[in-house]
Amino acid sequence: MSDVVLTGVSKSYGAKQVLREVDLTIPTGDLAVLLGPSGCGKTTLLRVLAGHLHPDAGEVRVGGRLVAAPGTHVPPERRGIAIVPQDGALFPHLDVGGNVGFGLTGSKGAKRARVAHMLDLVGLPGHEGAHPSQLSGGQQQRVALARALAPEPSLVLLDEPFSALDAALRASVRVDVRRALHDAGATALMVTHDQEEALSMADSVAVMEQGEVVMHAGPEQLYAAPATLEVARFVGDLVELPVRDGRTVLGPLPSDVTAPSGPSIATIRPEHLRIGPVGSGVPGTVGEVRYFGHDSLVEIVLDAGSSLAVRTLTPPVTGARVAISLDGPLRVFPSEP
């Protein structure tokens, strides 16, 4: 079993507390993603797991084994944890076979077989003799993953592994990496600040804010039912509608939605608003249209004066008169103080 369990993990740098009693469990074989803005503690948590930092409080267990706690610190090389850094960090003087087989024990034949299996797993069969300088950035990252998986680690840590790749390559490589991790049955934790990357790759996503894990859930739940207004804002585009006397600019709250006492904000995703003909909802005028290829984000200026964004496949023309109505779930949160 390679369950990863962090309980009450805290870490400070001088007077600055970077991790605040973090609780996190990653089941065996899952790919979990740490998602959050820069400076929220993601990399510090990764370094605590890897053994490069000592937590000030709390426990870290990997596969049932206590590796960090007050009075206990298993060094990095004895944790059975592999790391895939941002740039792959391949050894330039070794060919692909030498990189993937680095650190493997056993006979030459067994190591060759393991290297071949790993390269096949990451979609690079027959590349044993190539050198890193002959590979694309995406290929180098897949070799780095093969090297990390070769010794069958208890846990694989990936630190923003696609940040150096261009957008088109990033999308294809992360599909290959996710497939390889699952095919290997590896337990993995990946750090990113890219919401799309997190939602498309993860079995579960842990959102961090100011050193705390504020929500840990599957991608669908995280997007559709965020625990807080801050999580809702961070994960995907969001339309915010102030609530006054049980109403928003789009009308009364649905009967199945209860507003908290005090000032509150109703939230909805832009794709859950419908653009229709005048008379089918709240009237407005089409403003700016931003085209993204797969869809468009349309600004609607309501007659009442406010504006909101609607995501649609078939945008109307700028200046057209339209009506807006709800076509999905609203969630209501207390307003920020």
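Quick one: in segment 275-291, which of the residues that are among the hydrophobic types (A, V, I, L, M, F, W, C) and out of contact with any Lys or Arg (no Cβ under 9 Å at 6 or more places or on another chain) is nearest to G305 (Cα to Cα)?
Taking segment 275-291 and keeping what is among the hydrophobic types (A, V, I, L, M, F, W, C), we get 275, 278, 282, 286, 289.
With out of contact with any Lys or Arg (no Cβ under 9 Å at 6 or more places or on another chain) added as a condition, the list becomes 275, 282, 289.
Details: I275: 17, V282: 12, V289: 18 Å.
If we take residues in segment 275-291 being among the hydrophobic types (A, V, I, L, M, F, W, C) and out of contact with any Lys or Arg (no Cβ under 9 Å at 6 or more places or on another chain), then V282 is nearest to G305 (Cα to Cα).
Looking at E197, E220, which one is surrounded by fewer than 22 Cβ atoms within 10 Å (Cβ to Cβ), closer than 30 Å to L119 by Cα and among the charged types (D, E, K, R)? Full working, then the answer.
Details: E220 fails: closer than 30 Å to L119 by Cα.
Only one candidate passes the filter, namely E197.
Of all residues in segment 295-337 being small (G, A, S) and over 17 Å from P270 (Cβ atoms), which is surrounded by the most Cβ atoms within 10 Å (Cβ to Cβ)?
Checking each candidate, the answer is A320.
How about segment 109-119: which of its residues are modelled with pLDDT of 90 or more and not small (G, A, S)?
Matches in segment 109-119: K111, R112, R114, V115, H117, L119.
Hey, R233 hits all of (1) at pLDDT 90 or above; (2) in a loop (DSSP other than H, G, I, E, B) but one; which does it fall short on?
Going through (1) at pLDDT 90 or above; (2) in a loop (DSSP other than H, G, I, E, B) one by one, R233 breaks only (2).
Based on what the data block shows, is A227 hydrophobic (A, V, I, L, M, F, W, C) and under 17 Å from the mean Cα position of the chain (by Cα)?
Judged against the criteria, A227 is a match.
Let's see how each residue does on (1) out of contact with any Leu (no Cβ under 8 Å at 6 or more places or on another chain); (2) part of a loop (DSSP other than H, G, I, E, B); (3) not assigned by TED's automatic domain parsing to the domain that holds L34:
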{"residue": "T105", "(1), (2), (3)": "yes, yes, no"}
{"residue": "V115", "(1), (2), (3)": "no, no, no"}
{"residue": "M118", "(1), (2), (3)": "no, no, no"}
{"residue": "G123", "(1), (2), (3)": "yes, yes, no"}
{"residue": "S133", "(1), (2), (3)": "yes, no, no"}
{"residue": "R142", "(1), (2), (3)": "no, no, no"}
{"residue": "A146", "(1), (2), (3)": "no, no, no"}
{"residue": "A171", "(1), (2), (3)": "yes, no, no"}
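Among V67, V100, V60, V22, which is assigned to a helix (DSSP H, G or I), in the same structural domain as R170 (by TED's automatic domain parsing) and crowded, with 19+ Cβ neighbours inside 10 Å? Quick ask: steps written out before the conclusion?
Working: V67 fails: assigned to a helix (DSSP H, G or I); V60 fails: assigned to a helix (DSSP H, G or I); V22 fails: assigned to a helix (DSSP H, G or I).
Sole residue among the options that is assigned to a helix (DSSP H, G or I), in the same structural domain as R170 (by TED's automatic domain parsing) and crowded, with 19+ Cβ neighbours inside 10 Å: V100.
Out of S10, S2, report the one residue that is hydroxyl-bearing (S, T, Y), buried (at least 16 other Cβ atoms within 10 Å of the Cβ), at pLDDT 95 or above and not in a helix (DSSP H, G or I).
Selected residue: S10, the only one of S10, S2 that is hydroxyl-bearing (S, T, Y), buried (at least 16 other Cβ atoms within 10 Å of the Cβ), at pLDDT 95 or above and not in a helix (DSSP H, G or I).
Is it the case that A186 is buried (at least 22 other Cβ atoms within 10 Å of the Cβ), more than 12 Å from the chain's Cα centre (by Cα) and assigned by TED's automatic domain parsing to the domain that holds T43?
Answer is yes for this residue.
Please name all residue pairs, on different chains or six or more residues apart, with Cβ atoms under 8 Å, provided the first residue is in segment 1-27 and is closer than 20 Å to S154 by Cα and the second residue is of a type in the set (S, T, N, Q) and surrounded by fewer than 19 Cβ atoms within 10 Å (Cβ to Cβ).
Partner pairs satisfying both residue conditions: M1/T28; S2/T28; D3/T25; D3/T28; V4/T25; V5/T25; L6/T25; D23/T7.
Is it true that S261 is of a type in the set (S, T, N, Q) and surrounded by fewer than 12 Cβ atoms within 10 Å (Cβ to Cβ)?
yes
Report, by residue number, each residue of segment 25-37 that is loosely packed, with under 15 Cβ neighbours inside 10 Å and either among the aliphatic types (A, V, I, L, M) or out of contact with any Ser or Thr (no Cβ under 6 Å at 6 or more places or on another chain) (or both).
Scanning segment 25-37 gives P27, P37.
The values are calculated or read from the model by the stated rules, or taken from the named source; none is laboratory data. Since we're looking at a predicted model, the values are computed, not measured. Glycine also receives a Cβ, built like all others from the backbone with ideal geometry; neighbour counts cover every protein chain displayed.
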